[in-house]
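Working notes for the structure below.
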Amino acid sequence: MRFLWFLFLIAFQLNAQEVLFEGTVYDQRTKEPIPYVNLSFLNTLKGTSTDEEGHFFIDLPTPFLEKQVHISSLGYNDTIVQAKQIYMAKRFELVEESFELDEVVVTENFGNSDVLNPISSYSLTSGFSSSATPWVVALYFPNVGAQKKYIDKLTVFLKKNENFNRESAKFRIRIYDVDENTKKPGKDLLRKSIVLEHQVEQDFVSLDVAAFNIEMPRNGIYVGLEWLFVPYNWYKETSRHPLTNKLIVEDRFAPTIRGVYSPNQNYRVMIYGMGEWTDFNVRSRNNNENFIPAVSLKLKKE
């Protein structure tokens, strides 16, 4: 009996073992490492990102090596690969996404401008944060009116977190067109990977995108905010279980994006995680408003 119990303990320990899943992601053509690539284990809440040198690492239970990993980065084809393949090779190469550049027409005679989803400080509340796997929260902005418009500036409101001790946190901005069939985020319109650094003492960060000359598509756009699971953004958060009162310690990643309740039903929110887009629907108590990321969009008209 003791012998059988001993075998059971050995089997349990082997199943409970963890491995260090690490490596580097490279550009297939240039062989240069790619920073801020997100790796998510499909059908799980595990994931990580490459750092500034294209390197990634995460401790995983051994069975995770049998799972598939979704690898994504702006400007590259999304790829799904077996975790064991990456674990053995310690490297992976991404193929650059092919696209046709639209003709750039520089226009200096802009007229008036519009601000979509203007944010007032008194309307800000709680927010969006990340604790398990890299993800993107995207807010839809409609194109109202027939006049030609260009995307001028994005403003994102963020929340200071007392558990995060660094002076700044990093996240990536994405701008998508709208898929004609699914109405979900489609192609990236911002072809350059832009990683913003938010100073934690500031309430917001703005990005001037006028130089990219992005015309507002007929069907509108989605503005995406992408978390990066890099050591620079990591912190621990402790709390008490509401029933057992036991101390809970969680790994989390900055920043925390502020949210607002909006009565405008046009502002659709979608979440990208584990390789697919899903709707995010949180309503106010009176059921008249939607909870959306605190992101403003400034457009300039010709």
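Quick one: of 90/192; 31/187; 46/67; 46/236, which pairs are farther than 18 Å apart, Cα to Cα?
90/192; 31/187
Take each of the peptides 239-246, 121-128, average the number of other beta-carbon atoms within 10 Å over its residues, and list them starting from the highest. Numbers along the way, then the final one.
Values: 239-246: 8.1, 121-128: 14.1.
My ranking of the peptides, most packed first, is 121-128, 239-246.
Which residue, 202, 178, 147, has the largest displacement toward the positive end of the dipole of region 89-228 when charges sit on each Cβ (Lys, Arg +1; Asp, Glu -1)?
202
What Kirkwood hydrodynamic radius, in Å, does region 58-216 give when the mean of 1/r is taken over all pairs of distinct Cα atoms and then inverted? Kindly include the intermediate steps, with their values, before the conclusion.
Numbers: mean 1/r = 0.0520 Å⁻¹.
One decimal place: 19.2 Å for the Kirkwood radius.
Mind listing the phi-derived Karplus ³J(HN,Hα) values for region 275-287, rounded to whole Hz, using 6.51, -1.76 and 1.60 with θ = phi - 60°, and x for any glycine or proline?
With coefficients 6.51, -1.76 and 1.60, one gets x, 8, 8, 9, 6, 10, 10, 10, 9, 5, 4, 7, 6 Hz.
Please list, in chain and number order, the residues 5+ apart from residue 200 or on another chain whose amide H is under 5 Å from its amide H, with Hs placed from the backbone.
When sequence neighbours closer than 5 places are left aside, the close amide H contacts are 168, 169.
For region 156-239, take the convex hull of the Cα atoms, compute a quarter of its surface area, and give me that in nm², please. Please report the intermediate quantities before stating the final value.
Values: hull surface 28.8 nm².
Its average projected convex-hull area is 7.2 nm².
Calculated from DSSP H runs of 4 or more alone, at -39500 (n - 2.57) each and per residue, what is the 222 nm mean residue ellipticity of the chain, nearest 500?
Working: 2 runs with 22 residues, N = 302.
Taking each H run of at least 4 residues, the total per residue is -2000 deg cm²/dmol.
Identify the trypsin sites (Lys or Arg not before Pro) of region 258-297 meeting these criteria: DSSP loop state and at most 10 other C-beta atoms within 10 Å of the C-beta. Mind dumping the intermediate values first?
Working: sites: 258, 268, 283, 285; in loops: 268, 285.
Of the trypsin sites (Lys or Arg not before Pro), the ones in loops of region 258-297 whose Cβ has at most 10 other Cβ atoms within 10 Å are 285.
Can you give the extra length, in nm with one decimal, that the chain gains between residue 28 and residue 301 once fully stretched, where that is 0.36 nm per residue apart less the Cα-Cα distance?
94.3 nm
State to the nearest 20 debye the size of the charge dipole of region 251-302 about its Cα centre, where the only charges are +1 on K and R beta carbons and -1 on D and E beta carbons. List each step's numbers first, then the result.
Numbers: 8 positive and 5 negative charges, 59 e Å.
Here the size comes out at about 280 debye.
For helix 2-16, what angle does its Cα long axis make with the longest principal axis of the chain, in degrees from 0 to 90 and rounded to 10?
20 degrees
Roughly how many percent of the accessible protein surface of region 137-193 is carbon and sulfur, given a 1.4 Å probe and a whole-percent answer? Could the numbers behind the result be given before it?
Values: 1130 of 2740 Å².
Carbon with sulfur: 41 percent of the solvent-accessible area.
Given (i) 1.26; (ii) 1.04; (iii) 1.12, which label gives Cα Rg over 2.2 N^0.38 Å as computed from the coordinates?
(iii)
Figure the gain on full extension for residue 88 and residue 285 (residue separation times 0.36 nm, minus the Cα-Cα span) and round it to one decimal in nm. Mind dumping the intermediate values first?
On the way: separation 197, 0.36 × 197 = 70.92 nm, distance 5.05 nm.
Stretched fully, the residue 88-residue 285 segment lengthens by 65.9 nm.
About the Cα centre of the chain, what is the dipole size in debye to 20, counting +1 per Lys and Arg Cβ and -1 per Asp and Glu Cβ, all else neutral?
Around 960 debye, computed over the chain.
Excluding residue 249 itself, calculate the net charge of residues whose Cβ lies under 14 Å from the Cβ of residue 249, where each Lys or Arg counts +1 and each Asp or Glu counts -1.
+1
With Cβ to Cβ distances under 12 Å as the rule, what net charge do the other residues near residue 32 carry (K, R +1; D, E -1)?
Values: positive: 29, 31; negative: 27, 53, 93, 96.
In short, -2.
What is the sum of charges, Lys and Arg at +1 and Asp and Glu at -1, for the other residues whose Cβ falls under 14 Å from the Cβ of residue 54? Show your work: numbers first, answer last.
Numbers: positive: 31, 90, 91; negative: 22, 27, 32, 51, 52, 53, 93.
Taking every other residue near residue 54 into account, the sum is -4.
The values are calculated or read from the model by the stated rules, or taken from the named source; none is laboratory data. Just so it is clear, the structure is predicted and the values come from calculations on it, not from any experiment. Cβ atoms come from the backbone with ideal geometry, glycine included; neighbour counts cover every protein chain shown. Ligands, DNA and RNA are stripped out before the accessible areas are found, and what is left, the full protein with its side chains, is counted by its heavy atoms. Shrake-Rupley method; radii C 1.70, N 1.55, O 1.52, S 1.80 Å.
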